[in-house]
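Each value in this text was obtained by applying a stated rule to the coordinates, not by laboratory testing. Note that the structure is predicted; figures quoted are calculated from it, not measured. Glycine gets a Cβ as well: all are built from the backbone with ideal geometry, and neighbour counts include every protein chain shown.
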Amino acid sequence: MISHRAAQEAPSERQYGLPVHGRPDLKVLHIAQWLPHSALPLEGLFVQRHIAAAAPYCGDRTWHIDVRPAKHWRKLKGGGHAERTLLFQTRISKWYVIEWMATVLILWAWLTRDRSQRVDLINFHIAYPNCTRIRLLRIIMRRPMVITEHFSAYRIGFNSKSRGVDRIRRIFHADVPVIVVSQALGRDITTFAGPPEPQLHMVDNAVDLRLFHPYERPAPKKGVFFAIAGWRSPKRPDLLIDALAGMVADGFDAHLRIAGDGPYMEGMKKRIADHGLSARVTLLGPLMPEQAAIEFRAAHAMLHASDYETYCAVCAEALCCGTPVIASGVGGIPEFVTEELGALVRENTVEAWVNAWMAAWDSAWTADRQAISVRMGRRASFESVGKRYSAILHEVAGHKA
């Protein structure tokens, strides 16, 4: 069973100038695999926001530790979001070796830490590969541990049938509680790991309401829709482009602004040209969060087509801006995108997308954007997420919140 606790709004006080609620009695060390850094400034923003949301309620320290395969050996610079940063790209492609490299880095950071800084609980953000040897880490580090998970690969078993997948399964049989961002992700991990079921808690992703809100210009433009993603599997930009062609053919004056980048981009450009939609589609490239918030506010509605999402942070951000969402009804999306906030597309077919888009045209335009923002904000603000998240961390550590 997933226990429903939550957290909402807060990057750390140091980063965002948020007030500290007294002197937190719980000192948490966050060890994150994904965080924004010099090479990937938008990676792991949702992890950064989770850490920041809990910070006013739990004294926090953050280490950014990651090893991943690449064409060349390289040590990367951090993004200023962690006290210690150990990021390596390696030509080694054997995941068994990468797992041990990550374990060694974590232990080296632990043994060389500033011991005057108390640590009551260790919170690993993303289990694999950093937690593959979690039993060994627990023996040496001797602190209560918890894993906060966002990864969607559990649903497809990491697309692998190798024995290495069993090493990942064992992470969830080490008696370490797991915090997931949706009930859907909790089910995926439980199915992937097999019995005994891990102890699960659920808390939403956090949205920074100082950026994502409806209280600034520009005003929304009728018929102008917005989509943003890293354009790779499981995203389905083909459905958005084909459905736009269907909308135009049915007489709707629809335009689509698309932000983001990824391996699908070249195919997307060809598809747009083949449909003769170049005058109706604007490709914006990668956007920083401040720019994305402007696009959300300017949109008739936000569109999100995907074969799966563990949560969908961009849908939550759009709703906090007061922008209705039309999205594939997959994964964790139906857990917060309701009829009052938008429309769910029950099948990922062009016909279903066209029908849902047409049906939601008028209701999205006349929606009460303030009400949408308030409703989603209550669930996803740093304050709400932070309180719920910190309550779980206190419970795992055996502290009273």
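Quick look at the values:
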read-out: Cβ-based charge dipole, the chain, positive-most Cα from 101, 316, 160; value: 101
read-out: Signed unit charges on C-beta, dipole axis of the chain, positive-most listed residue 338, 389, 88; value: 88
read-out: Residue of 128, 308, 96 that the Gaussian network model of the chain assigns the largest fluctuation, springs spanning Cα pairs under 10 Å; value: 96
read-out: Cα centroid of the stretch 86-106 to Cα centroid of the stretch 114-186, whole Å; value: 16
read-out: Lys, Arg +1 and Asp, Glu -1 on Cβ, resulting dipole of the chain about Cα centre, debye, nearest 20; value: 1780
read-out: Cys residues of the chain counted as unpaired, since no other Cys beta-carbon is under 4.7 Å; value: 58, 131, 320, 321
read-out: Most fluctuating residue given options 323, 366, 103, as computed from a GNM of the chain linking Cα atoms under 10 Å; value: 366
read-out: Stretchable slack from residue 162 to residue 249, in nm (0.36 nm times residue separation minus alpha-carbon distance); value: 26.6 nm
read-out: 5 angstrom amide H check on residue 311, placed H, neighbours 5+ away; value: 332
read-out: Rel. contact order, % - alpha carbon contacts under 8 angstrom, at least six apart, the chain; value: 21
read-out: Two-decimal Rg/Rh across the chain, once Rg and the Kirkwood Rh are taken from alpha-carbon atoms; value: 0.98
read-out: At R0 = 45 Å, FRET efficiency that the Cβ-Cβ distance of residue 339 and residue 70 yields, to 0.05; value: 0.50
read-out: Between 0 and 90°, nearest 10: helix 237-249 axis offset from the chain longest Cα axis; value: 20
read-out: Projected area, mean over directions - the stretch 2-202, Cα convex hull, nm²; value: 11.3
read-out: Straight-distance crosslink candidates among lysines, where the alpha carbon sits under 30 Å from residue 387 and sequence neighbours closer than 8 are dropped; value: 27, 400
read-out: Charge-dipole axis of the stretch 110-240 as Lys and Arg at +1 and Asp and Glu at -1 on Cβ define it, positive-most pick from 226, 193, 213; value: 193
read-out: Nearby lysines by direct alpha-carbon distance to residue 94 (threshold 29 angstrom, same-chain neighbours under 8 apart not counted); value: 71, 75, 77, 161, 235
read-out: With Cα atoms, 0 to 90° folded angle of helix 45-54 axis to the chain main axis; value: 60
read-out: Segment residue 265-residue 93, extension gain: residue separation times 0.36 nm, minus the distance between their alpha carbons; value: 59.3 nm
read-out: Per-residue [θ]222 nm for the chain (sum of -39500 (n - 2.57) over DSSP H runs n ≥ 4, rounded to 500); value: -11000 deg cm²/dmol
read-out: Label-to-label distance, nm, for residues given as residue 136 and residue 233 (7 Å Cα→Cβ offset); value: 3.1
